[in-house]
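Have a look at the structure below, then the notes.
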Amino acid sequence: MNGLRLEIDLDKIAANASELATRTAAHGISITGVTKAMLGLPELASVLYDSGIPVVGDSRIENIERMRSDGIDGPMLLLRSPAPSQVDRVIRSGATSANTETHVLTLLADSARAAGRVHDVMLMVELGDLREGVLPGDLNETVEHVLALPQLRLTGIGTNLACRSGVAPSVDNMGQLCFLADMVETRFGIEITTVSGGNSANISWAFDATDTGRINDLRIGEAILLGRDPLDRQPIAGLHIDAITLLAEVIESKCKPTKPWGRLGENAFGKTETTPDRGYVWQTILAAGRNDTEPEDMHPPAGVDVLAASSDHLITETTHQMQPGDEICFVPGYAALLRSMTSPFVTKRLLLGE
Ligand SMILES: *Cc1c(COP(=O)(O)O)cnc(C)c1O
């Protein structure tokens with residue numbers, strides 16, 4: 001008996017990674033494989049490099065340090081702008097960092113000088129999703145700032161879409177990023193090696209575009225791990241959509257009415273229940289809850305419906321009575337995966353070469 005656990009099939013993840021790497025390569029694009037949803041799992045980083053992915057990216061320096069201390073010494077990208085309190089750690093990690101603030105760039109340069117290092121920088125440009133990025137009109141000024149700091153080397157520019165507002169990658173915004181790369185090169189007489197067009201939400205753009213222009217990198221996490229396009233959460237053809245599963249254990253299964261009785265106040269989470277009366281059903285409770293996952297973002301197998309969840313009880317309806325100790329296997333969405341990965345109550349079981 002194993003209890004509540006994520007099963008992470010690294011063979012399926014490897015197959016997804018190499019399939020995507022091959023298909024984007026046909027469009028002149030290589031992949032930065034993103035490990036943040038797996039908290040920088042070193043085994044995942046190894047699998048990504050072995051699958052033809054040249055760079056590993058993560059948003060947190062803690063995760064990059066975890067991989068480094070486990071002996072992962074390949075090229076890495078810190079996806080989130082370094083927090084000032086962490087710049088020394090960023091420099092020490094040897095990762096390229098994504099940046100948007102001149103103040104942070106100055107701190108990075110100071111820290112690199114003290115460490116006797118040169119630090120590679122990617123500048124992130126805001127193209128409409130309204131998360132991170134230098135506004136296009138301010139890009140020249142920011143580039144000038146970087147070029148004036150000899151400890152920094154400007155190796156790339158990038159943008160991030162479809163995260164905060166769901167703005168989709170398009171001919172327009174991708175064209176604008178390419179234009180900005182050309183503009184910076186012409187104006188400053190430098191070469192921008194990497195033009196990073198976005199994340200998993202860029203995959204259908206990359207596959208469908210007749211011309212991907214200068215975009216030569218995409219930073220991909222979700223599509224490799226879950227096999228889905230985040231723009232519509234549809235499966236991407238040729239990828240596994242069950243590389244990661246969450247298994248939970250039954251602790252009660254009884255035929256109960258669907259309608260609660262007694263005077264109704266708020267439930268534990270401040271909601272007032274309005275359950276329609278559907279007669280009696282097999283109500284099966286699993287030893288899992290909001291402490292462990294995002295119940296609304298779990299895909300149950302056929303014949304199982306998630307009805308409700310509290311901190312520690314996941315209440316489902318099943319077609320028949322189950323026994324305590326039986327298991328139900330869910331496929332987590334991205335939000336559920338994040339929550340489960342960070343829950344200390346969820347065991348992480350890696351499957352490799354099985
Ligand atoms: C998380 C993140 C990615 C990867 O996003 P996915 O949707 O998992 O592919 C790419 N770039 C940045 C800046 C990120 O923060």
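Restricting Glu43, Glu65 to those that are among the acidic types (Asp, Glu), without any contact (Cβ under 8 Å) to a residue 40 or more places away in the chain and assigned to a helix (DSSP H, G or I) reduces the list to Glu65. Only one of the numbered conditions (1) hydroxyl-bearing (Ser, Thr, Tyr); (2) over 24 Å from Thr35 (Cα atoms); (3) modelled with pLDDT of 95 or more is not met by Thr210, and that is (3). Taken together, Glu185, Glu273 contain a single residue that is surrounded by fewer than 20 Cβ atoms within 10 Å (Cβ to Cβ), at pLDDT below 95 and not hydroxyl-bearing (Ser, Thr, Tyr), which is Glu273. Among the residues of segment 208-240, those that are within 16 Å of the ligand (Cβ to nearest atom) and surrounded by fewer than 17 Cβ atoms within 10 Å (Cβ to Cβ) comprise Asp232, Arg233, Gln234, Pro235.
With respect to the stated conditions, Leu130 fails to be within 14 Å of the ligand (Cβ to nearest atom) and in a helix (DSSP H, G or I). Condition check for Asp305 on (1) under 23 Å from Arg233 (Cβ atoms); (2) crowded, with 18+ Cβ neighbours inside 10 Å: one failure, at (2). If you check Ile13 against the conditions, is it within 15 Å of the ligand (Cβ to nearest atom) and in a helix (DSSP H, G or I)? Here the answer is yes, as Ile13 does meet what is asked. Would you please name the residue that is surrounded by the most Cβ atoms within 10 Å (Cβ to Cβ), looking only at residues in segment 68-113 that are among the β-branched types (Val, Ile, Thr) and not in a helix (DSSP H, G or I)? Result: Thr96. Using the structure shown, decide if Asp58 is on the phi < 0 side of the Ramachandran plot and in contact with a His (Cβ under 8 Å, 6 or more places away or on another chain). No, not satisfied. Filter segment 130-164 for residues that are crowded, with 16+ Cβ neighbours inside 10 Å and at pLDDT below 95 and give the result. Matches in segment 130-164: Ala162 only. Just one of the numbered conditions (1) buried (at least 19 other Cβ atoms within 10 Å of the Cβ); (2) more than 30 Å from the chain's Cα centre (by Cα) is not true of Met298: (2).
The values are calculated or read from the model by the stated rules, or taken from the named source; none is laboratory data. On a predicted model such as this, the values are computed, not experimentally measured, just so you know. Cβ coordinates were reconstructed from backbone atoms using ideal geometry, including for glycine residues, and neighbour counts include every protein chain displayed.
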